[in-house]
Amino acid sequence: MKALTLKHLRYFEALATHGHFGKAAAASAISQPALSIQIKELEAIMGGPLVERAARETRLTALGEDVLKHSREILTRVEDLGNLVQSPSGPLSGRLRIGVIPTVAPYLLPSIIKAMTQRFPQLTIEPKETITESVIREILEARLDVGVVALPVSEPSLREFSLFNEDFLLVRPARDAGLPMPSSSQLRTMRLLLLEEGHCFRDQALSFCSIRNIEPQHIMEGSSLSTLVQMVGAGIGVTLIPEMAVGLETRSADVTIARFQDTPPTRTIGLIWRKTNPLSEKLLKIGAIIRKTAEKNNLNAGHGDQTAVY
């Protein structure tokens with residue numbers, strides 16, 4: 001019988017993630033037959049089937065679920081061990097896998113990458129745009145090193161580092177430019193355009209408007225802030241967008257922007273990473289660089305909690 005190897009665990013983790021032999025093989029840069037052989041070898045080592053094979057997808061067996069849990073723990077520790085090769089006092093090098101939520105990525109990510117590559121020329125940044133839930137999951141599974149998300153995420157095994165606060169602004173059709181600013185309670189009676197389920201910005205907007213049970217006639221959904229703003233320009237309704245998105249998203253739309261008075265809705269953007277990550281000190285330095293980048297982009301970096309590191 002063959003001995004258990006990290007290769008077995010990596011290929012099995014890929015299969016569990018993608019739920020399909022072909023997709024897992026492509027993601028692992030090997031042929032599908034080669035992946036199948038590795039999985040069969042692992043099943044022989046574990047003493048039972050790990051997946052239920054079907055034409056379109058695979059499902060993990062009870063044994064497969066247990067093996068996956070331990071496999072991800074092992075792969076996470078191996079990833080952390082690999083990071084130790086980098087000297088804590090030396091320059092950051094190698095690759096940095098960073099997840100960024102969609103309501104931040106288009107507006108801040110290009111500036112982050114530029115600033116990081118200038119500061120650390122030996123660093124290869126591998127960005128991924130995805131929703132908060134996926135960022136958290138992939139960090140915990142060591143498939144991402146760090147994430148840029150809205151805080152707090154309240155995950156005990158993750159460290160949080162506050163970067164800056166920013167306000168939400170109201171986007172209305174241009175014809176409404178002279179109308180009084182609606183209150184949060186008045187927004188509940190208007191047709192509100194929101195991002196699809198899964199986006200934390202959607203939840204934040206609903207919270208500000210104190211909306212719990214959404215009436216379908218008062219809601220329309222979009223896959224991006226750009227889509228929402230364009231729909232507002234077409235006179236379909238109103239929406240909220242983060243301040244960093246205003247310049248890019250409203251320049252070609254027939255809309256007007258208004259700022260809430262008194263207590264405007266806000267969010268805190270920050271970094272998250274595993275507490276066990278040996279690069280924590282360097283990630284703090286990265287956080288400082290991103291903070292300065294946000295300041296140059298005229299975000300409210302000075303209003304954030306500068307000590308919010310947990």
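The values are calculated or read from the model by the stated rules, or taken from the named source; none is laboratory data. What you see is a predicted model, and the numbers here were worked out from it, not measured in a lab. Glycine gets a Cβ as well: all are built from the backbone with ideal geometry, and neighbour counts include every protein chain shown.
When residues of segment 266-286 are filtered for being assigned to a loop (DSSP other than H, G, I, E, B) and surrounded by 19 or more Cβ atoms within 10 Å (Cβ to Cβ), how many remain? The number of residues fulfilling the criteria is 2. Got a sec? Which of 159, 175 is assigned by TED's automatic domain parsing to the domain that holds residue 234, at negative phi and among the basic types (Lys, Arg)? None of the others qualify; the one that does is 175. Out of 65, 43, 52, one residue alone is at pLDDT 90 or above and part of a strand (DSSP E or B). It is 52. State whether one or more residues within segment 140-154 are outside the structural domain of residue 278 (by TED's automatic domain parsing), modelled with pLDDT under 90 and not in a loop (DSSP other than H, G, I, E, B). No. Of all the numbered requirements in (1) in the same structural domain as residue 229 (by TED's automatic domain parsing); (2) over 25 Å from residue 197 (Cβ atoms), residue 111 misses one, and that requirement is (1). Scanning segment 20-71 for residues that are under 24 Å from residue 137 (Cα atoms), surrounded by 13 or more Cβ atoms within 10 Å (Cβ to Cβ), touching a residue at least 40 places away in the same chain (Cβ under 8 Å) and not small (Gly, Ala, Ser) yields 58, 60, 67, 68.
Can you find a residue that is of a type in the set (A, V, I, L, M, F, W, C) and surrounded by fewer than 19 Cβ atoms within 10 Å (Cβ to Cβ) anywhere in segment 222-244? The answer is yes, given that some residue of segment 222-244 is of a type in the set (A, V, I, L, M, F, W, C) and surrounded by fewer than 19 Cβ atoms within 10 Å (Cβ to Cβ). Give the residues of segment 222-247 that are in a strand (DSSP E or B) and under 28 Å from residue 112 (Cβ atoms), sorted by residue number. Passing the criteria: 222, 239, 240, 241, 242.
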